[in-house]
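**Student:** Input: one structure, supplied below.
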Amino acid sequence: MAYSVAFSHSLADLPAEVRTRVRQNLEEIGRTIESAVGGILLESVSQSPMQLDVSGWRFFFKVEPKNRRLVVTSAAPPHADRAHENARPK
C-alpha cells in the first residue's frame, strides 16, 4: 500500500499547477520511503518536519508511517528574498 498525500485545509487556495507538482513530488518521496521500510530513513523522516521547494514555493510536510501518509502542513509563497536560492547559473 502506497503512502497517500494530504494537504492541510489551510492550503485550499494553492494554485492547481503547484499543487499537482507538489503531489507528484510527494508521491515519489512516499515510494522512496516505502522501499526503505524499517530502515533508518523511515525513523529519521518520521521524527522531523520535512521541507520541499516547488516553483519557488516552500512546503513543509510530515511523514505519518502508521497512517501511511505525507501531510503538507504549511506553504510559503515565492518571496524575493529567496529568489537567489532558485536561480540557476547560465
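The values are calculated or read from the model by the stated rules, or taken from the named source; none is laboratory data. The shown structure was predicted, so the numbers you read here are calculated from the model rather than taken from an experiment. Ideal geometry is used to build each Cβ from the backbone, glycine not excepted, and the neighbour counts take in all protein chains shown.
**Student:** Looking only at the range 1-33, count how many residues are β-branched (Val, Ile, Thr) and under 10 Å from the mean Cα position of the chain (by Cα). Quick ask: steps written out before the conclusion?
**Tutor:** As a first pass, look at the range 1-33 and keep what is β-branched (Val, Ile, Thr): 5, 18, 20, 22, 29, 32-33.
From what's left, under 10 Å from the mean Cα position of the chain (by Cα): 5, 22, 29.
Qualifying residue count, the range 1-33: 3.
**Student:** Could you look through the range 1-36, keep only residues that are of a type in the set (A, V, I, L, M) and free of Cβ contacts under 8 Å to residues at least 24 places away in the same chain, and pick out the one that is surrounded by the most Cβ atoms within 10 Å (Cβ to Cβ)? Walk me through it before giving the result.
**Tutor:** Quick first cut of the range 1-36, residues of a type in the set (A, V, I, L, M) only: 1-2, 5-6, 11-12, 14, 16, 18, 22, 26, 29, 33, 36.
Then keep just the ones that are free of Cβ contacts under 8 Å to residues at least 24 places away in the same chain; that gives 12, 16, 36.
Values: Ala12: 8, Ala16: 7, Ala36: 14.
That would be Ala36.
**Student:** When the range 33-49 is examined, which residues are found to be in contact with a helix residue (DSSP H, G or I) (Cβ under 8 Å, 6 or more places away or on another chain) and not in a loop (DSSP other than H, G, I, E, B)? I'd like the intermediate steps shown before the answer.
**Tutor:** First pass over the range 33-49, keeping only residues in contact with a helix residue (DSSP H, G or I) (Cβ under 8 Å, 6 or more places away or on another chain): 33, 36, 41-42, 45.
Listed by number, the residues that qualify are Ile33, Leu41, Leu42, Val45.
Quick grid of which residues meet (1) closer than 24 Å to Pro77 by Cβ; (2) of a type in the set (A, V, I, L, M); (3) in contact with a Leu (Cβ under 9 Å, 6 or more places away or on another chain):
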residue	(1), (2), (3)
Ser4	no, no, yes
Ser10	yes, no, no
Arg23	yes, no, no
Leu26	yes, yes, yes
Arg31	no, no, no
Ala36	no, yes, yes
Leu42	no, yes, no
Phe60	yes, no, yes
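**Student:** Go over the candidates Leu52, Leu42 one by one and state the one that is at pLDDT 95 or above and surrounded by 15 or more Cβ atoms within 10 Å (Cβ to Cβ).
**Tutor:** Values: Leu42 fails: at pLDDT 95 or above.
Residue meeting the stated conditions: Leu52.
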